[in-house]
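Colleague: Quick one: this structure, given as structure tokens, is what I'll be asking you about.
No lab work stands behind these numbers, since they all come straight from the coordinates. Here the structure is a predicted model, which is why all the values come from computation and not from measurement. All Cβ positions, even for glycine, are placed from backbone atoms using ideal geometry, and neighbour counts span all protein chains on display.
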Number of protein chains: 4
Amino acid sequence: MIIYFRGMRNKDEHKKSEIIRATVKLVNEIGFVSCSVSKIAKEANVSPATLYIYYKNKEDLLVSTYIEIKQNLSETLMKNFDSAKPFRDILKTLWYNGFDFVLNNKDYNQFAEQFSNSPYSDLVDKKEIEKHFSPIISLLKRGIDQKIIKDVPFDLLTAFIFYPMMTLSNPKLCSSIKLDKKTIAQSFNLAWDAVKL
Amino acid sequence: MIIYFRGMRNKDEHKKSEIIRATVKLVNEIGFVSCSVSKIAKEANVSPATLYIYYKNKEDLLVSTYIEIKQNLSETLMKNFDSAKPFRDILKTLWYNGFDFVLNNKDYNQFAEQFSNSPYSDLVDKKEIEKHFSPIISLLKRGIDQKIIKDVPFDLLTAFIFYPMMTLSNPKLCSSIKLDKKTIAQSFNLAWDAVKL
Amino acid sequence: MIIYFRGMRNKDEHKKSEIIRATVKLVNEIGFVSCSVSKIAKEANVSPATLYIYYKNKEDLLVSTYIEIKQNLSETLMKNFDSAKPFRDILKTLWYNGFDFVLNNKDYNQFAEQFSNSPYSDLVDKKEIEKHFSPIISLLKRGIDQKIIKDVPFDLLTAFIFYPMMTLSNPKLCSSIKLDKKTIAQSFNLAWDAVKL
Amino acid sequence: MIIYFRGMRNKDEHKKSEIIRATVKLVNEIGFVSCSVSKIAKEANVSPATLYIYYKNKEDLLVSTYIEIKQNLSETLMKNFDSAKPFRDILKTLWYNGFDFVLNNKDYNQFAEQFSNSPYSDLVDKKEIEKHFSPIISLLKRGIDQKIIKDVPFDLLTAFIFYPMMTLSNPKLCSSIKLDKKTIAQSFNLAWDAVKL
DNA sequence: GATGAATGAGTGTTCATTCAT
DNA sequence: CATGAATGAACACTCATTCAT
């Protein structure tokens, strides 16, 4: 028997994260298209009605899940971020952090991929998301100013630094490649050569 | 000119392509998730039942659409393919062809993106698709042998040569960037620097 | 290669009986409920449209099939009908003829069973059917008059003489029983004991 | 009296029986073939979706209905079952009980008839059904052992004792006969003469 | 006569969401 | 807060039938 005290919030938070976990797992297993609210509820061991206590509707749940993932990603990326280090070292750290994330959270990655390609993504406050990644933008700016990397639009830089990482770790896109230490190192090499001056 | 055989009303090739067109358009407008058979039928100006004359089921329709797009892409890519030219020139031609395609067929691109991230993609005969792109694999092989590009797995090369292109042209992923001549040129530069030895 | 001469009717009749055969076979295999026109057409190797040349609609096809079966049954029953013989011998012949029919045409029997329990059966001209069985009615009348069998309504007599036969040969109702010579003989014995005075 | 548990809205047993009632009524009126889920739902005054709360699918609904009917039948049959009485009296009681049931539940009877001839019947656990009728089997065994009735397979006995009853009370098969007291008595007479030694 | 294409109306089933408890 | 029941609308798909050829 579990006793809950008044004002205790643990239960709620646990349920909320349980729902998110279920959402990501299901999207990963059966795809975005056939992922229904009742299936998520069943996977999270709650009633479909309960889901609507924590989220306004399905849309809200999916968007929240996406934002959660993006926050997790940004937090992981920023690990050991030390602006005192040389530019390339910081980028490398960022990059390896990113690879860590996508490899250890393939399901998160796949969810994000499907989400960003769906019309739901239009509902996300892009500004809000970008805020989490602003240190990276600043870093790239510094790299450009210090003439270490090419002076091209940010989107171009990220398309060559970070998106190949997503692609390589997505089993739907690259099923054959084995992402061992050597490949990851090579991969950073290519990314670096792409952007460096 | 349509030839009718005795006692037969032929399948209308135009209708088939009209259904594909509708599928791509709708996926582009409302997303893969909410793209239903009846909506596609309405957009194609046919009855939902008619759709099942041309395609075994929804799955078959989506897979066929994907394959059609991939074929179109491969055909566009190979335009002016001249193996006599220097490696970098061929790659550049390929690359510009690719950019032409994704820019002029943003809807195709978006469909393909959503499709590859859905469980439907598991139904595609990957071998069949790869066949269309084998000249590119051969070319990359040659580049490696001639020590022009880095000796890394093919998936890595394509992840840096072709996927950034997809990303940049996908309005869901890169909404802000303006893909003018200069940016495209810069973009090829990054791709080339990434892979070249 | 089959050559058909002008005015030859064989082809038509063959097709007609082929459709009936297909109908009975399919009803037997997948049941009355899921037996669709297009499935019948496929089984009969004709176009669904062709079916409508021979029969006004599905209803007409089913009713015609039923009547055909009933005619076959009555013809089989009347085999070696010799009113000069003693009453019991005639009945026994009838009865064994009947068992022959239901055992050798289990599919016909099953179709008839499903048909008679469906609303389609209301469309059959019962009078027309009864006409084929009038010799049996006359025979029973004679049996009553000659005080050989009980003086009860005809329906009661047939319910005890002929319906048990249908039941026993219907695998859906009696799956376990083995209808060998001995059982059939016993079965006639029971039928006879039921009706005899 | 309905008891509601905390945080729960209980399944409505009345609704379940209402759906069964609607199913039987509709099958009776429009036949097994055209009896669709939506029509049943409308007749039962519930949404088609509600039906799927109480039954897994259409198949489950039909099978459940059939089992319910068979249970009702067996309960009715066993009324006043007194193994102390003489064999013929017990059988007569059984038999009249049976006639009571089929006459007062013509719709049930017709449903069962259509069901047993459909492929759905294959889904029924025959063993489970037979269990309800085991007292009858025991009784017949006793009758054989005491040399009161003929020593023939059980299926044969039931085919002559009980199936004629079904036939006679089925308006689709016997429309003309009037089942008054006299006819029913005659009918039992025939059944008894059929099986008695 | 015979065909395959074409379809509106229907099938069984699941959906996202609300409601009474 | 949390629930399972309840639902209208939608889903993918099949139906019996007609039509131009």
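Colleague: Hey, fewest Cβ within 10 Å first, where do B:132, C:14 land in order? Spell out each step's value before the answer.
Modeller: Working: B:132 16, C:14 11.
With the fewest neighbours first, B:132, C:14 line up as C:14, B:132.
Colleague: Now a separate question. Starting from the coordinates of the alpha-carbon atoms of the stretch C:1-132, obtain the Kirkwood hydrodynamic radius over all distinct pairs and give the value in Å to one decimal.
Modeller: With all distinct Cα pairs of the stretch C:1-132 included, I get 16.4 Å.
Colleague: If you don't mind, another one. Just how far, in whole angstrom, is the stretch D:18-51 from the stretch B:119-145 if you go by their alpha carbon centroids?
Modeller: If we compute the Cα centre of each part, the gap is 54 Å.
Colleague: Quick one: how many lysine pairs does the stretch B:1-115 have with C-alpha atoms less than 13 Å apart and a gap of 8 or more or different chains? Give me the count, please.
Modeller: Within the stretch B:1-115, the lysine pair count is 7.
Colleague: Still on this structure, I have one more. If you add up the charges near residue D:136, with Lys and Arg at +1 and Asp and Glu at -1, over every other residue whose beta carbon is less than 12 angstrom from its beta carbon, what do you get?
Modeller: For residues surrounding residue D:136, the net value is +2.
Colleague: For the stretch B:55-172, just list the percent of Cα-Cα distances falling in each 10 Å bin from zero outward, please.
Modeller: Bin by bin from 0 Å, the calculated values are 12, 42, 33, 11, 1.
Colleague: Quote the FRET efficiency, to the nearest 0.05, computed for residue B:106 versus residue B:21 with a Förster distance R0 of 22 Å and r equal to the Cβ-Cβ distance.
Modeller: 0.95
Colleague: A further question follows. What range in chain B is the longest one free of chymotrypsin sites (Phe, Trp or Tyr not before Pro) that are in a loop by DSSP and have at most 11 other Cβ atoms within 10 angstrom?
Modeller: The reported range is B:6-197.
Colleague: If you take each beta carbon of peptide C:22-31 and count the beta carbons of other chains within 10 angstrom, what is the mean?
Modeller: Mean shielding count: 1.
Colleague: Suppose R0 equals 35 Å; then what is the FRET efficiency for residue B:123 and residue A:129 from their Cβ-Cβ distance, rounded to the nearest 0.05?
Modeller: 0.60
Colleague: Follow-up. If you take the square roots of the eigenvalues of the alpha-carbon gyration tensor of the stretch C:28-94 and sort them as a ≥ b ≥ c, do you get rounded (a/c under 1.5), prolate (a/b over b/c) or oblate?
Modeller: prolate
Colleague: Would you mind getting me the FRET efficiency between residue C:75 and residue D:186? Use the beta-carbon distance for r and R0 = 45 Å, nearest 0.05.
Modeller: Rounded to the nearest 0.05, the efficiency is 0.90.
Colleague: Could I ask something else about it? Over the stretch A:51-169, what is the mean sequence separation of C-alpha contacts under 8 Å (at least six apart), divided by residue count, expressed as relative contact order in percent?
Modeller: Relative contact order comes out at 31 percent.
Colleague: With a cut-off of 8 Å between alpha carbons and a minimum separation of six or more residues, what is the relative contact order of the stretch A:111-197 in percent?
Modeller: Normalised by residue count, the contact order of the stretch A:111-197 is 32 percent.
Colleague: Which net charge results for the neighbourhood of residue A:106, defined as the other residues with beta-carbon distances under 13 angstrom from its beta-carbon, given Lys and Arg at +1 and Asp and Glu at -1?
Modeller: Surrounding charge for residue A:106 is -2.
Colleague: What is the fewest-to-most order of A:47, A:176, A:116, C:118 by other Cβ atoms lying within 10 Å of their Cβ?
Modeller: Details: A:47 14, A:176 9, A:116 19, C:118 22.
Exposure proxy ranking, most exposed first: A:176, A:47, A:116, C:118.
Colleague: I would also like to ask the following. Under 1.5 on a/c is rounded, so check that first for the stretch B:150-197, then, if it is not, pick prolate when a/b is larger than b/c and oblate when it is not; a ≥ b ≥ c are the square roots of the alpha carbon gyration tensor eigenvalues.
Modeller: Taking the square roots of the gyration eigenvalues as a ≥ b ≥ c, the stretch B:150-197 is oblate.
Colleague: Let me know the whole percent of all Cα-Cα pairs from the protein assembly as shown that are separated by more than 36 Å.
Modeller: Numbers: 194449 of 310078 pairs.
Tail of the P(r) past 36 Å holds 63 percent of the pairs.
Colleague: Which log10 I(q)/I(0) values, to two decimals, does the stretch A:93-147 give at q = 0.19 Å⁻¹ under the Debye formula with one point per Cα?
Modeller: For the requested q values the scattering log ratios are -0.89.
Colleague: When the helix-only estimate is applied to the protein assembly as shown (DSSP H runs of n ≥ 4, each -39,500 (n - 2.57), divided by the residue count), what is the mean residue ellipticity at 222 nm, nearest 500 deg cm²/dmol?
Modeller: -20500 deg cm²/dmol
Colleague: Tell me, what HN-Hα J-couplings in whole Hz come from the Karplus equation 6.51 cos²θ - 1.76 cosθ + 1.60 at θ = phi - 60° for each residue of the stretch D:62-74, using x for Gly and Pro?
Modeller: 5, 4, 4, 4, 4, 4, 4, 4, 4, 5, 3, 4, 5
Colleague: What are the aspartates and glutamates whose alpha-carbon lies under 16 Å from the alpha-carbon of residue B:131, with same-chain residues fewer than 8 places away excluded?
Modeller: Here the aspartates and glutamates satisfying the reach criterion relative to residue B:131 are B:68, B:75, B:155.
Colleague: To the nearest 10 degrees, how steeply does helix C:134-145 sit against the main Cα axis of chain C, on a 0 to 90 scale?
Modeller: Value to nearest ten degrees: 10.
Colleague: Further question on the same structure: Report, as an integer, the average count of C-beta atoms from other chains found within 10 Å of each Cβ along B:148-157.
Modeller: Mean partner shielding for this stretch: 5.
Colleague: Can you work out ³J(HN,Hα) from phi for every residue in the stretch D:36-42, in order, using Karplus 6.51 cos²θ - 1.76 cosθ + 1.60 and θ = phi - 60°, giving whole Hz and x for Gly and Pro?
Modeller: Ordered by residue, 3J(HN,Hα) equals 9, 4, 5, 5, 4, 4, 4 Hz.
Colleague: Where in the stretch B:72-170 are there trypsin sites (Lys or Arg not before Pro) that are in a DSSP coil and have at most 10 other Cβ atoms within 10 angstrom of their Cβ?
Modeller: Sites meeting the loop and neighbour criteria: B:147.
Colleague: Classify the stretch D:59-101 from the C-alpha gyration tensor, please: rounded if a/c falls under 1.5, else prolate or oblate depending on whether a/b exceeds b/c.
Modeller: Because a/c hits 1.5 or more and a/b exceeds b/c, the stretch D:59-101 counts as prolate.
Colleague: Still on this structure: Please list, ordered by chain and number, the residues whose modelled amide H lies under 5 Å from the amide H of residue D:149; skip anything fewer than 5 residues away on the same chain.
Modeller: D:144, D:197
Colleague: Quick one: net charge around residue C:151, please, counting Lys, Arg +1 and Asp, Glu -1 for every other residue with C-beta under 11 Å from its C-beta.
Modeller: Net charge in that neighbourhood comes out at +2.
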